[in-house]
Every structure is written in C-alpha cells, then in structure tokens.
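Enquirer: Quick one: this structure, given as structure tokens, is what I'll be asking you about.
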Amino acid sequence: MIYFLYDGSFDGLLTAIYEAFYSPIPPTQIVTHDNFIPNLFSEERHITTDLEKSEKVYKAIKEKISSTALKNIYHAYLSELTQIEIWIYQYLKLGFKLGVRIDNRVSDEIVMKIHHAERKVSFENHRLKGLLRFQLLKNQVYYAPIEPDHNILSLLAPHFARRMADQNWLIHDLKRGLAAVYSLESSNTQKWSLFSLDKSLQIQFAEDEELFQDLWKTFFKTVSIEERTNLKLQKQHMPVRYWKYMVEKN
Amino acid sequence: MDLKQKLDILADAAKYDVSCSSSGSTRSNRGGVGNAAVSGICHSWSDDGRCVSLLKILFTNYCIYDCVYCINRASNDVQRATFTPEEVAKLTISFYRRNYIEGLFLSSAIIKNPDYTMEKLLQTVHLLRNVHNFNGYIHLKAIPGADPRLIYRTGLLVDRMSVNIELPSSEGLKKLAPQKDKQSILKPMGFIRTHIQGNQEERKMFRQAPTFVPAGQSTQLIVGATPEPDFQVLRLTESLYNNFSLKRVYYSAYVPVNTSSLLPVVAQPPLLREHRLYQADWLLRFYGFSANELLNERHPNFDLDFDPKEDWALRNLYHFPVEINKADYEMLLRVPGLGIKSALKIISARRETALDFDDLKKIGVILKRAIYFITCKGKYYGGLVFNEEFMRQRLGQSNRQLKWQQLPLFD
C-alpha cells in the first residue's frame with residue numbers, strides 16, 4: 001500500500017496527482033502529512049509541492065476535461081472529507097478518458113462522490129454568505145468568526161470583497177486558524193488575502209456595536225408570527241451548529 | 001420614542017407580509033456598500049421557520065383606512081409610530097454592514113393620503129441609493145392611488161415593487177376592505193408592468209439605461225379570510241402571471257389579529273392549504289401546468305392528503321406509466337417525485353447509458369412517489385395492478401399526513 005503524502009495545499013495535491021499519473025504503481029491513498037497514520041503495510045512517499053507540475057495538471061484539466069471539472073475537484077478538495085483525495089485522482093483518471101462528458105455519468109460511484117463533496121461545499125458556502133455575522137471592533141474593522149464544516153474561506157472572501165467593498169473586514173475561521181483579510185489600504189487589485197491567524201484572538205467592540213446587536217435581536221424576535229411557530233423548520237434551515245456566532249441566537 | 005421601540009412596533013406591524021425573497025436582481029456595487037445576489041440569500045430564520053432576508057418594516061402604522069382584517073386598521077387601539085427617512089437608512093446600512101440582511105423591504109400604512117405616503121417612501125430610497133450609495137436589495141410597496149409619476153421615480157431606484165391584492169375576489173374586498181376596490185389595485189400593477197417591459201426594450205438598445213424594477217413585481221393573497229375556493233385563487237394567480245407578468249404571487253394563511261363578525265373564526269391558520277397553493281404555484285410557473293388542469297368546478301379544492309401533482313396524476317392515469325429512458329422533458333416534469341433538477345439529470349445521464357431504478361435513486365428521484373408512474377427499460381415496479389384506487393391507497397400510506405388521522409373501523 002503506497003501512501004502519497006502532501007503538504008495539504010491545492011498545489012500539493014495537484015503535484016501528487018501528477019506524480020500518481022507517472023508512477024509505475026498508483027497510490028492507494030493520498031493524504032496530508034498531518035492526517036497520515038502509519039500502519040504495518042504502509043509505504044510512504046513524500047511529495048514536494050512543485051508549482052510547475054501542478055500548473056501542468058491544472059491546465060490539462062481545464063483543456064482536456066472542462067472548467068466545471070476543475071471547479072468540482074477544487075470544491076471537493078475544500079470539503080476535507082476523508083479519502084477525498086484518492087476519489088479526486090480516480091475522477092481525473094476517468095475524466096481524461098471521457099473528457100467533458102464525465103459529469104453526465106451521474107450514476108458512476110466516482111463521479112457521485114465528487115459531485116456529493118462539491119455540493120456540500122457549495123451549499124455551505126451559500127449558507128454562510130447569509131449566516132455569517134460581522135461585529136464592528138474598536139479599530140473600525142468588521143470581524144466575523146466562523147467554524148464551517150468545510151474549508152470555504154477562499155470562496156466566501158470574493159463575495160464579501162464585492163459586497164462590503166468600502167469597509168475593512170476580517171473573516172476568521174477559528175476551526176482552521178485561518179483568516180481572510182480585506183484592507184482598504186491594500187495597493188493590490190485584489191484587496192483580500194488569506195493568512196494564518198491564532199485562535200485566541202482578543203477582540204474589543206466599537207462603541208455602537210452592542211446597540212445594533214440589540215436592535216437586531218429586537219427585530220428578529222418581533223418578526224416571527226407566534227401562531228405559526230415552527231422551531232423544527234427553523235432548525236432544518238439553520239442548523240444549531242451555526243448558532244454560536246449568530247447575534248440573534250445568543 | 002427611541003429607535004428600538006419604533007423598530008419593535010413597525011416590524012411587528014409589517015410581519016404579516018410574507019414576501020421575503022431577495023432574488024432576481026444583479027445590481028452591482030458601484031463604489032459604495034452592497035450588491036444584489038441573483039439567487040437571493042437568506043440571512044436567518046425566525047421562530048416560525050420563515051426566512052429573514054430583508055429588514056421588513058413599515059414606514060408608519062398610522063393609517064386612514066379601516067380594513068377589517070388588518071392589524072393597523074384606523075379603529076384599532078394599537079401603539080403607533082413613524083420612522084424618519086434617516087432612521088430607516090441608518091438601520092438598513094448598519095444591519096447590512098454586519099451581514100444581518102440582504103436589503104430593505106419597506107411598506108407603509110396610508111398616512112394622510114396616498115401621495116404623501118409614496119413621497120415619504122421615495123424620499124427614503126433616494127436617501128439610501130443616492131446619498132449613502134447603498135446598492136443592496138430594496139423591495140418597496142407601491143401605494144395604490146398614488147400619483148404614477150411618484151411610482152415611476154421610485155421604480156428607478158428599487159429592485160422589486162409590489163401591490164398587495166390581499167383578498168382574492170371583489171366581493172371579499174367590498175366586505176372586508178370597503179375603502180379599496182379591484183381597479184385601484186390593478187391600476188398601479190398594470191402601470192408598473194408597462195414600464196418594466198418598456199425598460200427591458202430600452203436596455204436592449206442602450207445598455208447603460210437605468211433599470212426599472214429589475215427584479216419584477218409581486219403580490220400577496222390572504223387565504224382563508226374569505227370563502228373563495230382554491231380554484232378561484234389559482235385562476236387569479238394564473239391570470240396575474242400571464243397578464244401582469246408578475247414574478248411571484250405569495251399566499252398568506254389567514255391569522256386572526258382582529259375580532260369582527262365579518263371575519264371567520266379559525267382555531268389554526270390554514271397552513272397546509274397555504275402549502276398546497278405554493279406547490280400548485282410552482283407547477284404553474286416551472287412545470288408547465290395550467291390552473292384548469294389542476295382544479296375545476298367539480299373539484300374546486302386541493303386534496304390535503306396528496307400534493308397537487310400527485311392528485312393530477314391520479315386523475316389522469318392514461319398518461320402513465322412513463323418510460324424514463326424515452327419520455328421528453330415536459331412529460332418527465334409531470335411525473336410525481338421528479339423535479340426540475342432530477343429531470344435535467346435524467347436527460348443528460350441517459351445520453352451515456354440507459355437508466356434503471358437504481359440509477360434513478362442515485363440521481364435523487366423520490367422513488368416511493370415516482371415508482372407508480374414510471375417504467376425503466378420497460379419494467380414496472382409499482383405493483384400488480386394499475387388503477388387509481390390502489391395507487392391512492394399506497395401513496396396515501398407513504399404520505400405522512402395520514403399518520404395522525406383516525407382510520408375508519410368498518411369500511
């Protein structure tokens with residue numbers, strides 16, 4: 001059993017896939033260094049991320065399969081589901097054979113796995129576009145803590161960069177110790193970037209912050225029609241695991 | 001009165017308006033705050049399970065009208081309040097920047113006269129759009145009876161406009177809202193439709209032409225306050241879609257807020273009836289059905305145990321069973337248990353290989369419903385007999401509704 005170990009980056013994964021296509025014995029699993037648990041039969045191969053190789057795979061997917069397939073595997077990668085890497089490899093193997101038609105094979109197990117992971121990521125991304133809450137801090141930065149199931153920070157950031165374009169903001173993924181930071185002072189055309197940020201960050205609210213949180217809670221309570229109360233439906237749309245950082249639910 | 005108290009009163013007064021959607025507009029951010037997402041985004045769900053995407057408030061609840069069903073009627077003894085345009089703008093933008101909301105839904109009771117009210121609403125959206133550079137979603141009520149020029153100028157600033165019909169028949173209006181009539185409601189609706197269509201033509205020629213109500217207009221019907229059957233409600237809906245090009249018709253199960261001898265006494269709002277009407281509404285808009293197919297004079301109300309599509313299929317069994325690998329898209333859409341997504345998936349998947357029941361399950365077809373109406377590669381798994389009575393019984397069993405009904409002992 002050959003385990004390909006990569007550094008956890010998307011480029012690392014693409015490099016591993018490049019190596020997999022050219023190695024005489026294909027990998028049994030592709031895992032990150034952190035998630036690897038050696039066993040009696042495991043044989044490790046360390047993959048060093050190589051931007052030239054990953055670029056080649058990236059371009060090949062786009063040209064020989066489709067941009068949809070590229071989006072699918074990127075989202076599947078972000079899903080962080082166990083063993084998703086090897087499914088991505090299988091999907092690409094099939095994709096290079098079938099070309100653009102691969103996504104029609106909806107009853108194929110490999111394609112199903114990838115579509116399933118892609119859907120989960122897209123869905124959570126859409127969901128958090130709504131459920132995420134900013135708090136205005138003393139230094140006039142809007143701060144939003146999140147703990148998503150999947151690593152969707154890189155998908156959320158462009159949405160908020162377009163929408164909240166005239167305010168400084170920071171979205172903090174507390175589960176992964178990552179942050180997307182948008183700064184008005186940034187001289188780049190893309191004003192947001194990803195950083196690692198410690199989980200134990202001390203924050204201090206701006207003066208008006210509590211007032212507006214209170215107003216929002218008032219509105220939220222008032223807008224519900226008592227005769228129609230349906231808490232089950234509420235939870236179905238808005239699972240309890242997201243409530244932690246939602247002003248109106250605390 | 002402080003802002004919190006006003007918000008409390010004016011959100012409470014607005015909550016019976018069910019429209020919440022924030023979709024259909026592609027307004028982009030031009031150097032200010034906010035944009036519209038074409039798919040719409042829900043930001044929260046209140047305790048009644050309804051989504052909260054817009055800050056839904058009345059500008060004021062002082063009203064000169066005395067509609068019997070309405071909580072803000074002039075003769076009701078309730079606390080009254082009025083926002084200033086600045087207060088509405090401040091609330092909207094502060095909430096928006098914290099990502100609480102997708103935009104503003106501003107409605108109003110009629111204060112002084114329709115023109116004055118409409119002017120106040122126009123002033124508020126002008127402040128938001130042109131002074132504060134707010135590009136988020138705005139849904140505004142057009143006030144029936146207001147000067148068309150005011151409605152036009154407002155339409156250039158907002159994403160969606162709506163005029164509520166509320167009661168689905170002229171008799172109902174006469175009885176419960178004597179100061180309103182059908183004409184005064186349909187007039188602004190027709191006016192908005194004409195300008196939306198004109199604007200669409202204009203924008204084909206000049207891409208930079210300003211948009212007029214780009215997310216279209218909608219309306220609301222109260223279900224259960226007056227005795228109209230579903231058939232009448234659905235026919236009205238259909239003509240609104242066809243003649244007024246509405247984007248949405250909302251249904252609101254009647255919740256008693258006032259007591260009057262003219263109003264029906266209900267223990268529970270008719271939520272399941274409301275649900276069936278929404279299902280039928282979807283069938284009209286996306287599934288190619290017409291109101292006359294779903295209901296008729298002899299069959300004027302929806303069966304509460306079966307959804308409208310099942311009900312239609314059971315009464316029209318001669319269309320079935322349908323072969324999944326051959327049927328065209330329009331027919332697939334008419335099979336109970338199949339939706340738009342699964343029908344499209346079937347179409348693309350069967351280009352690769354002929355499908356069987358297992359594949360359908362993987363695609364996401366609800367087989368426990370569809371199985372009675374389809375064949376795969378010529379095989380039928382619905383049961384030994386193919387008749388309406390048998391299917392009604394089997395389908396009825398799987399529909400949860402029957403669970404809490406007492407079964408008759410002797411028939």
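Enquirer: Using the Cα centre as the reference, give the magnitude of the dipole from point charges on the C-beta atoms of the protein assembly as shown (Lys, Arg: +1; Asp, Glu: -1; all else neutral), rounded to the nearest 20 debye.
Expert: Dipole about the Cα centre, nearest 20: 960 debye.
Enquirer: Taking each pair of distinct Cα atoms in segment B:308-401 once, what is the resulting Kirkwood hydrodynamic radius in Å?
Expert: Hydrodynamic radius (Kirkwood, Cα only) of segment B:308-401 equals 13.3 Å.
Enquirer: Based on the Cβ-Cβ distance from residue A:207 to residue B:64, what FRET efficiency comes out when R0 is 51 Å, to the nearest 0.05?
Expert: FRET efficiency, residue A:207 to residue B:64: 0.80.
Enquirer: Radius of gyration and Dmax for the protein assembly as shown's Cα atoms, expressed in Å?
Expert: 27.9, 86
Enquirer: Then there is this: Pairs of Cα atoms under 8 Å, at least six residues apart: use those to get the relative contact order of segment A:132-249, whole percent.
Expert: 26
Enquirer: Ordered by residue, what ³J(HN,Hα) values in Hz, to whole numbers, does segment B:75-87 give under the Karplus form 6.51 cos²θ - 1.76 cosθ + 1.60, where θ = phi - 60° and Gly and Pro are x?
Expert: Each residue of segment B:75-87 in turn: 7, 7, 8, 10, 5, 10, 8, 9, 7, 9, x, 4, 5 Hz.
Enquirer: Now, a different point. For segment B:203-341, divide the Cα radius of gyration by the Kirkwood radius and give the resulting Rg/Rh value with two decimals.
Expert: Rg/Rh: 1.06.
Enquirer: Give me the angle, in degrees from 0 to 90, between the Cα long axis of helix A:109-131 and the longest principal axis of the Cα atoms of chain A, rounded to the nearest 10.
Expert: Taking Cα atoms only, the helix is inclined about 20 degrees.
Enquirer: Then there's this: For segment B:61-66, what does the Karplus curve 6.51 cos²θ - 1.76 cosθ + 1.60, with θ = phi - 60°, yield as ³J(HN,Hα) per residue in whole Hz, taken in order and with x for Gly and Pro?
Expert: 10, 6, 10, 8, 8, 10
Enquirer: Mind checking B:96-104 for the average number of partner chain beta-carbons within 10 Å of each residue's beta-carbon?
Expert: The mean count of partner-chain Cβ atoms within 10 Å per residue comes to 6.
Enquirer: Amide H neighbours of residue A:50 under 5 Å, at least 5 residues apart or on other chains, H built in the peptide plane: list them.
Expert: Here the answer is A:15, since their amide H atoms fall under 5 Å of that of residue A:50.
Enquirer: Quick one: Kirkwood hydrodynamic radius for chain A, alpha-carbon pairs, angstrom, one decimal?
Expert: Final number for the Kirkwood radius of chain A is 20.6 Å.
Enquirer: Around residue B:214, with a cut-off of 10 angstrom between Cβ atoms, what is the net charge of the other residues, counting Lys and Arg +1 and Asp and Glu -1?
Expert: +2
Enquirer: Name the residue from B:382, B:253, B:23 whose Cα lies farthest towards the positive end of the charge dipole of chain B, charges +1 on Cβ of Lys and Arg and -1 on Cβ of Asp and Glu.
Expert: Among B:382, B:253, B:23, the one farthest towards the positive end of the dipole of chain B is B:23.
Enquirer: Counting Lys and Arg as +1 and Asp and Glu as -1, what is the net charge of the other residues whose Cβ lies under 15 Å from the Cβ of residue B:340?
Expert: Here the charged neighbours net out to +2.
Enquirer: Among A:216, A:183, A:246, which residue has its Cα furthest toward the positive end of the charge dipole of segment A:132-249, with +1 on Lys/Arg Cβ and -1 on Asp/Glu Cβ?
Expert: A:246
Enquirer: Another question, then. Could you sort A:116, A:159 by their accessible area in this structure, using a 1.4 Å probe and putting the largest first?
Expert: Per-residue accessible area, sorted high to low, gives A:116, A:159.
Enquirer: If you average the sequence gap of Cα pairs under 8 Å that are 6 or more apart and divide by the length of chain B, what percent do you get for the contact order?
Expert: 11
Enquirer: Dividing the alpha-carbon radius of gyration of segment A:2-124 by 2.2 N^0.38 Å (N being the number of residues), what value is obtained?
Expert: Its radius of gyration relative to the 2.2 N^0.38 Å reference: 1.00.
Enquirer: Grab every C-alpha pair in segment B:1-120, bin the distances at 10 angstrom width from 0 up to the longest one, and report whole percents.
Expert: That works out to 13, 40, 34, 12, 1, in percent per bin.
Enquirer: Mind listing the long-range amide H neighbours of residue B:323? Cut-off is under 5 Å, sequence gap 5 or more, other chains count too, H placed in the peptide plane at 1.01 Å from N.
Expert: For residue B:323, whose amide H was placed from the backbone, the distant partners under 5 Å are B:375.
Enquirer: Then there's this: Compute the helix-to-body angle for B:230-244: its Cα long axis versus the longest principal axis of chain B, expressed 0 to 90° and rounded to tens.
Expert: 60
Enquirer: Quick one: 3J(HN,Hα) in Hz for segment B:321-329, Karplus 6.51/-1.76/1.60 with θ = phi - 60°, rounded, Gly and Pro as x.
Expert: Each residue of segment B:321-329 in turn: x, 9, 7, 4, 7, 10, 4, 7, 4 Hz.
Enquirer: Hey, another quick one. With springs only between Cα atoms under 10 Å, which of B:295, B:384, B:344 fluctuates most in a Gaussian network model of chain B?
Expert: B:384
Enquirer: Now a separate question. Where the centre of each part is set by its Cα atoms, how far does segment B:182-223 sit from segment A:71-142, in angstrom?
Expert: 38
Enquirer: Using only Cα atoms, tell me the angle between helix A:153-163 and the longest principal axis of chain A; keep it within 0 to 90° and round to the nearest 10.
Expert: The answer is roughly 50 degrees.
Enquirer: Where the accessible area of the protein assembly as shown is counted over protein heavy atoms with a 1.4 Å probe, how much of it, in %, is carbon and sulfur?
Expert: With neighbouring chains kept in place, the figure for the protein assembly as shown is 52 percent.
Enquirer: Oh, and also: Is it possible to state the helix-based mean residue ellipticity at 222 nm for chain B, with each DSSP H run of 4+ residues giving -39500 (n - 2.57), the sum divided by total residues, to the nearest 500 deg cm²/dmol? What is it?
Expert: After summing the helix terms and dividing by residue count, I get -11000 deg cm²/dmol.
Enquirer: Between segment B:339-377 and segment B:77-132, what's the alpha-carbon centroid distance in Å?
Expert: Value for the Cα centre distance between the two parts: 48 Å.
Enquirer: Looking only at other chains, what is the average number of their beta-carbon atoms within 10 angstrom of each beta-carbon in B:33-44?
Expert: What the average comes to for B:33-44 is 5.
Enquirer: If amide H atoms are built 1.01 Å from N in the plane of the peptide, which residues on other chains or at least 5 residues away come under 5 Å of the amide H of residue B:223?
Expert: When sequence neighbours closer than 5 places are left aside, the close amide H contacts are B:252, B:253, B:254.
Enquirer: If you keep only loop residues by DSSP, which trypsin sites (Lys or Arg not before Pro) in segment B:284-381 have at most 10 other Cβ atoms within 10 Å of their Cβ?
Expert: B:298, B:351
Enquirer: Tell me, for chain B, which Cys residues have no other cysteine's C-beta sitting closer than 4.7 Å.
Expert: Cysteines of chain B left without a disulfide-compatible partner: B:20, B:63, B:376.
Enquirer: Arrange the peptides B:235-241, B:218-224 so that the one whose residues have, on average, the most other Cβ atoms within 10 Å appears first.
Expert: Result, highest mean first: B:218-224, B:235-241.
Enquirer: How much of the pair distance distribution for segment A:132-249 lies past 23 Å, counting alpha-carbon pairs only, in percent?
Expert: The calculated P(r) of segment A:132-249 puts 39 percent of pairs beyond 23 Å.
Enquirer: Just order A:148-158, B:180-190 by mean Cβ neighbour count inside 10 Å, highest at the front, would you?
Expert: The peptides rank, most packed first, as A:148-158, B:180-190.
Enquirer: Per the helix-only calculation at 222 nm, which mean residue ellipticity applies to chain A, given -39500 (n - 2.57) for every DSSP H run of n ≥ 4 and division by its residues, nearest 500 deg cm²/dmol?
Expert: Computed ellipticity for chain A at 222 nm equals -13500 deg cm²/dmol.
Enquirer: Another question, if that's okay. Which of the lysines could be linked to residue A:244 by a straight reach, that is with a Cα gap under 22 Å, when you skip same-chain ones fewer than 8 residues away?
Expert: A:120, A:129, A:138, A:175, A:199, A:217, A:221, A:232, A:235
Enquirer: Take the Cα pairs of chain B, get the Kirkwood Rh, then feed it into Stokes-Einstein at 10 °C and 1.306 mPa s and tell me D in µm²/s.
Expert: 67
Enquirer: Return a whole-number percent for the relative contact order of segment A:2-124, with Cα pairs under 8 Å and 6 or more residues apart as the contact set.
Expert: Computed over segment A:2-124, the figure is 26 percent.
Enquirer: Under a 1.4 angstrom probe, counting protein chains only, how are B:153, B:193, A:163, B:203 ranked by accessible area, largest first?
Expert: Largest accessible area first, the residues go B:153, B:203, B:193, A:163.
Enquirer: At 25 °C and 0.890 mPa s, grab the translational diffusion coefficient of segment B:124-250 from Stokes-Einstein with a Kirkwood Rh over Cα pairs, rounded to a whole number in µm² per second.
Expert: Rounded to a whole number, D works out at 157 µm²/s.
The values are calculated or read from the model by the stated rules, or taken from the named source; none is laboratory data. Quick caveat: nothing in here was measured; it's all calculated off a predicted structure. As a convention, Cβ positions derive from the backbone with ideal geometry for all residues, glycine included, and neighbour counts pool all protein chains shown. Side chains included, ligands, DNA and RNA excluded: accessible areas come from the protein's heavy atoms. Shrake-Rupley method; radii C 1.70, N 1.55, O 1.52, S 1.80 Å.
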